[in-house]
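This report concerns only the one structure given below.
Please treat every number below as a calculation from the coordinates, not as lab data. It should be emphasised that the depicted structure is a prediction, and the values quoted were computed from it without experimental measurement. Glycine gets a Cβ as well: all are built from the backbone with ideal geometry, and neighbour counts include every protein chain shown.
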Amino acid sequence: MTPEVAPNAVAAVSAARHWDRLMAMAAFGGFTDADGHPGVNRPACSPEDIAARRLLLGWGAELGLAASVDAQGNLFLRQEGVEPGLAPVMTGSHMDSQPNGGRFDGIWGVLAGLEAIQALRDAGVTPRRPIELVAWTNEEGGRFAPGCMGSMAWAGHSPRDTWDDVTDGDGVRFGDALSAMLASESDIPRRPLGVTAGGPAPFAYVECHIEQGPRLESAGLDIGVVTGIQGSRWFLVEIVGRTDHAGTTPLQLRRDAVQDMVRAINALNALMHDPADVLRFTIGRIEVSPNAGNTVADRVRFTIDCRHPDGAELDRRADAVAATVGEAMRTCTAYVTERFRAAPSVFAPLVQEAIQRAADAQGLASTRLPSGAFHDAQFMVPICPSGMVFIPCRGGVSHHPSEYSTPEQCANGVRVLTQVLADLASR
Ligand code: HGY
Ligand code: MN
Ligand code: MN
């Protein structure tokens, strides 16, 4: 089958059906923020995540897709091809959100894959290869850090149980939350974890995602052909001092964890300074104990998120984090743990060109661009030819309730994905 068949399937994409599903999913963990924006707080393995997965399973069952789930909670919906034994083409993204997240990050890519599979079906197109839709577990790392636990375990980047003892803000272990989620899906067939556990390694992987940046919108473009993802490294810093009375303890006798944290952050800012503003350095979470206004803090934990498109530059800075924090300590002791490490990745020309061809064939304005955000797709790069389709999002905003892409922008992305899946699955 050649891509010419794809126009029938592309025309079968239902923008309305797709948008309705997207809005239905937004209800799981949905909230309205102080400014009236419709946000989503759907942590990995939460009741909201479980309910959203159940809705996806229902839609998959209506389409006759074979559902399966692996030991890390990755959820698969499979459309057989004319030759079922062939390596599948995979598409998908994640269903968990940031705590103050939006209605599109992650879930749009999962529902884009579902709509593309349904459009192929509605157009009577059965590609040679199977197509598998995947919802990866815990991409965000918002509840349980780090992110991408599902795709990292599936791709063999890290052992499955690496993070079982990681706890959320309420002290719940990831391993226990995952077990509870899997128990709620005991009716879903199990699939061994791993690249070839469900059959041959994928032929290709394509992920749809909102850009989470301003480039497409500001240039008036419809589609981003993503060239790759910058590298990321995450750290947790714990600083241990001693509690003391705020009124009676002289400063020279204190072991004040907050004051040493400030010294560490100032030193890290100097380490991470980049006049070209290419390096991304974020301290997004700080926990103080005992967090009482009239008690000197004895313990502080804070996160470091450091990213750069050049792996050597990223490592030059990130490798110095532990020493920089240690040297900044005046009265306390610091413990630095690396939690996440993803080298910069480059997407396969095979997939980039298929996306470019589809956008061109559909008269959509496109450009090649790298991703500043990380995605599960980066862990697919060593496994099979991988790539991503971006659509614009309003103001480039993401990880915020005002995150928004229009129904037409979403439908454009689905139509491109439909043609790309038809193209790759016919190879
Ligand atoms: O943090 C990221 O880049 C992704 O959006 N989770
Ligand atoms: Mn995402
Ligand atoms: Mn995200």
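Which of the following residues is touching a residue at least 24 places away in the same chain (Cβ under 8 Å), more than 20 Å from the chain's Cα centre (by Cα) and closer than 18 Å to His273 by Cβ: Ala318, Ala312, Ala297, Ala323?
Ala318
Return only the number of the condition from (1) closer than 16 Å to Pro127 by Cβ; (2) within 17 Å of the chain's Cα centre (by Cα); (3) part of a loop (DSSP other than H, G, I, E, B); (4) not polar (S, T, N, Q) that Met90 does not satisfy.
(3)
Restricting the search to region 225-257, which residues are of a type in the set (A, V, I, L, M, F, W, C) and either assigned to a strand (DSSP E or B) or in contact with a strand residue (DSSP E or B) (Cβ under 8 Å, 6 or more places away or on another chain) (or both)?
Correct list: Val225, Val226, Ile229, Trp234, Phe235, Leu236, Val237, Ile239, Val240, Ala246, Leu253, Ala257.
Of the residues Val381, Val397, which is within 18 Å of the chain's Cα centre (by Cα), of a type in the set (A, V, I, L, M, F, W, C), within 16 Å of ligand 1 (Cβ to nearest atom) and over 26 Å from Asn41 (Cβ atoms)?
Val381
In this structure, is Gly199 buried (at least 16 other Cβ atoms within 10 Å of the Cβ), in a loop (DSSP other than H, G, I, E, B), at positive phi and more than 15 Å from the chain's Cα centre (by Cα)?
yes
If we keep just the residues of region 356-375 that are in contact (Cβ under 8 Å) with a residue 12 or more places away in the chain and among the charged types (D, E, K, R), which is farthest from ligand 2 (Cβ to nearest atom)?
Going through the qualifying residues, I end up with Arg357.
How many residues are touching a helix residue (DSSP H, G or I) at 6+ places or on another chain (Cβ under 7 Å) and more than 17 Å from Arg233 (Cα to Cα) if we restrict to region 148-158?
Result for region 148-158: 2.
For region 292-316, give me the residue count where each residue is touching a helix residue (DSSP H, G or I) at 6+ places or on another chain (Cβ under 7 Å), away from ligand 1 (no atom under 16 Å from the Cβ) and of a type outside the set (Phe, Trp, Tyr).
Of the residues in region 292-316, 4 are touching a helix residue (DSSP H, G or I) at 6+ places or on another chain (Cβ under 7 Å), away from ligand 1 (no atom under 16 Å from the Cβ) and of a type outside the set (Phe, Trp, Tyr).
May I ask you to list the residues in region 379-408 that are crowded, with 21+ Cβ neighbours inside 10 Å, over 26 Å from Ala153 (Cβ atoms) and polar (S, T, N, Q)?
Answer for region 379-408, where residues must be crowded, with 21+ Cβ neighbours inside 10 Å, over 26 Å from Ala153 (Cβ atoms) and polar (S, T, N, Q): just Ser405.
Provide a single number: the residues in region 31-46 that are part of a loop (DSSP other than H, G, I, E, B) and in contact with a helix residue (DSSP H, G or I) (Cβ under 9 Å, 6 or more places away or on another chain).
Looking only at that region, the number is 6.
So which residues in region 25-73 are exposed (fewer than 14 other Cβ atoms within 10 Å of the Cβ), among the hydrophobic types (A, V, I, L, M, F, W, C) and under 25 Å from Ile131 (Cα atoms), if there are any at all?
Across region 25-73, the qualifying residue is only Ala61.
Table: residues versus (1) within 16 Å of ligand 1 (Cβ to nearest atom); (2) within 26 Å of Ala342 (Cα to Cα); (3) in a loop (DSSP other than H, G, I, E, B).
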{"site": "Asp105", "(1), (2), (3)": "yes, yes, yes"}
{"site": "Ala112", "(1), (2), (3)": "no, yes, no"}
{"site": "Ile117", "(1), (2), (3)": "no, no, no"}
{"site": "Ala135", "(1), (2), (3)": "yes, yes, no"}
{"site": "Glu140", "(1), (2), (3)": "yes, yes, yes"}
{"site": "Ala145", "(1), (2), (3)": "yes, yes, yes"}
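Is it the case that some residue within region 50-67 is within 16 Å of ligand 3 (Cβ to nearest atom) and either in contact with a Phe, Trp or Tyr (Cβ under 9 Å, 6 or more places away or on another chain) or in a helix (DSSP H, G or I) (or both)?
Yes, region 50-67 has at least one match.
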